[in-house]
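To start, the structure itself, in structure tokens.
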Amino acid sequence: MNAEEIRKDFPILQQEINGHPLVYLDSAATSQKPRPVIETLRRYYESDNANVHRGVHTLGSRATEAYELAREKVARFIHAPSPEQIVFTRGTTESLNMVAYGYARLKLKEGDEIVLTPAEHHSNLIPWQQVARFTGAKLKYIPLQPDGTIRLEDARSVIGPNTRLVAMAHVSNVLGTIHPVREIAALAHANGAVMVVDGAQSVPHMPVDVQELDCDFLAFSGHKMCGPTGIGVLYGKRALLEEMEPTYFGGEMIDVVELYEATWKEPPWKFEGGTPIIAGAIGLGAAVDYLTQIGMDEIRAHDRRLAAYALEKLSSIPEIEVYGPRQGTDRGGLVTFNLQGVHPHDVSTVLDAEGIAIRAGHHCAQPLMRWLGVTATARASFYLYNTEADIDRLASALQTAKEFFQHAIG
Amino acid sequence: MQLDDLYRQVIMDHYQRPRNLGELEHGTVTVDLRNPSCGDEIRLQLLVEDGVVKDVRFRGAGCSISMSSASMMTEAIKGKPVDEALRLSHTFRAMIRGEDVDTEPLGDLEALQGVSKFPARVKCATLAWQALERAVGSDEDASR
């Protein structure tokens, strides 16, 4: 895989920001879009746009076919047994909320336990807090090791016969930790619990096989994997999707409607009330094609190489503290850090002046920030279009930031 | 975009040596405010007597812009009548929005004028002022 060549597919990267060529290191927040995805959206709107699953005109058939083809592509991408197990949603947050409201809230009761880690993104934390609030179930946490990893022995002691649901990020959006979700899913199942995986940071970056992980639900977002914003996915095991209730109601999702009651379509359509995110799904299909053509193993290897290189470069600046797994431990393609004595917002502003985009803040993980003992951090995250040269630019701009603030502070 | 426009010496001085840092033993009003999008937080305490800000303290965690703005604000409003402090707040916000205002009454705070060219940092600069407006019951953001 040649990142220099891949960069050419991304029009947005061919620009200068504040007089410097753009270095985009915020793909964990949202990825950039390659030309084939942008072209697919344009083509769809220019020649196929119509509503789906209704009407008998030609455009309607084309749009429906393209929409359902996207579902098949996504199913193949995560090795789902069938396309009917792919629900199109607005994103990871909506996918997780659908499981919380349409499944957990109806199935859990007082005395049941939901197991999480303190490293979860707010979107994989607050829905479960709500479930606990409404059902009387209790939240329990698998503790983190000092490097942010979790140990299976700790998971074994937290997950027990009262556990009904375990929810966990596959890859942490802050620490880059890769959680052993396959082993945790086995533990959950041994105790009769369902396993919900937040794949927002894993599905875009590594091969993910839902049958191999044996997870019950998997949630992820299209916009972090070269697709458009506003489209996401909920994968579920067939029996669970059948048990799960829709969370909103209206057109498209119904079977028979009477004056006083109605019945629903089969999954996944019963979860897709209203006009679905047609263009978004088709765009995601194009993104899946694009990533598949490059190869998820290749992308994973590239991310891993960049993360190791960034870790090495940043660790060589004594004023920089890096969080998460140390060098040599496998991690996702991101590095979270702080520059001593300089707030991450200030770091980010200085980097932006050099054309470098990073994320600064609490990364939607306030409990994890508290665990780290900081209020905010800076994060550089990588994707297939980043190169070692981008990381060299980052390291050199961090030197500039350090000197600038040392001088400014005097 | 010039970094020196943003990070003026006086800002870094207040960031490094914040004035009126701490707690008031006999404060009349306390406001805790955070910027949920970035995690910056501030606790502002006022001692208001006869419509005058007799004393003021703050504590907080945040970037150089939010903390220096808080520090300079406390200096600017201490000893001032509440309505004058509020007028100052309106002038400050107008300056940060990039409007053409007389910055004379703002004193050192004029140093934060550069923030108007950094839209992502406007919320940092106005956090303390929002706390002030809330403390005296005139929250511009809340009434919008």
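The values are calculated or read from the model by the stated rules, or taken from the named source; none is laboratory data. On a predicted model such as this, the values are computed, not experimentally measured, just so you know. Heads up, the Cβs are rebuilt from the backbone with ideal geometry, glycines too, and the neighbour counts pull from every protein chain shown. The accessibility values were calculated without ligands, DNA or RNA, using every heavy atom of the protein model including side chains. Shrake-Rupley method; radii C 1.70, N 1.55, O 1.52, S 1.80 Å.
State all residues of segment A:383-410 that are farther than 12 Å from A:Lys313 by Cβ and in contact (Cβ under 8 Å) with a residue 24 or more places away in the chain; if no residue qualifies, say none.
Within segment A:383-410, A:Tyr383, A:Leu384, A:Tyr385, A:Asn386, A:Thr387, A:Thr400, A:Ala401, A:Lys402, A:Phe404, A:Phe405, A:Ile409 meet the criteria.
For (1) more than 28 Å from A:Ile17 (Cα to Cα); (2) of a type in the set (Phe, Trp, Tyr); (3) touching a residue at least 40 places away in the same chain (Cβ under 8 Å), each residue gets a yes or a no:
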position	(1), (2), (3)
B:Asp5	no, no, yes
B:Arg8	no, no, yes
B:Ile11	no, no, yes
B:Pro18	yes, no, yes
B:Glu25	yes, no, no
B:Val29	yes, no, yes
B:Pro36	no, no, no
B:Ile42	yes, no, yes
What number of residues within segment B:47-91 are touching a helix residue (DSSP H, G or I) at 6+ places or on another chain (Cβ under 6 Å), open to solvent by less than 10 Å² (accessible area, probe 1.4 Å) and not in a strand (DSSP E or B)? 13
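Is it fair to say A:Glu354 is away from chain B (no Cβ under 13 Å) and among the acidic types (Asp, Glu)?
no
Please give the helices (runs of 4 or more DSSP H) falling wholly within segment A:256-361 in which 2 or more residues are closer than 27 Å to B:Asp40 by Cα.
A:296-315, A:344-353
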Give segment A:290-337 a look and list any residue that's open to solvent by 20 Å² or more (accessible area, probe 1.4 Å) and among the polar types (S, T, N, Q), or say none. A:Thr292, A:Gln293, A:Ser315, A:Ser316, A:Gln327, A:Thr329
Go through segment A:15-46 and count every residue that is in a strand (DSSP E or B) and open to solvent by 20 Å² or more (accessible area, probe 1.4 Å). 6
Considering only segment A:13-49, how many residues are touching a Lys or Arg at 6+ places or on another chain (Cβ under 7 Å) and hydrophobic (A, V, I, L, M, F, W, C)? 4
Does A:Lys109 satisfy the condition of being farther than 16 Å from A:Val181 by Cα, in a strand (DSSP E or B) and touching a helix residue (DSSP H, G or I) at 6+ places or on another chain (Cβ under 8 Å)? no
For segment A:214-233, what are the residues that are of a type in the set (S, T, N, Q) and outside any loop (DSSP other than H, G, I, E, B)? A:Ser221
For the list (1) under 16 Å from the mean Cα position of the chain (by Cα); (2) surrounded by fewer than 24 Cβ atoms within 10 Å (Cβ to Cβ); (3) of a type in the set (A, V, I, L, M), I need the number of the one condition that A:Leu218 fails. (2)
Can you find, within segment A:365-389, the residue that is nearest to the other protein chains (Cβ to nearest Cβ) among those that are in a helix (DSSP H, G or I) and over 23 Å from the mean Cα position of the chain (by Cα)? A:Ala389
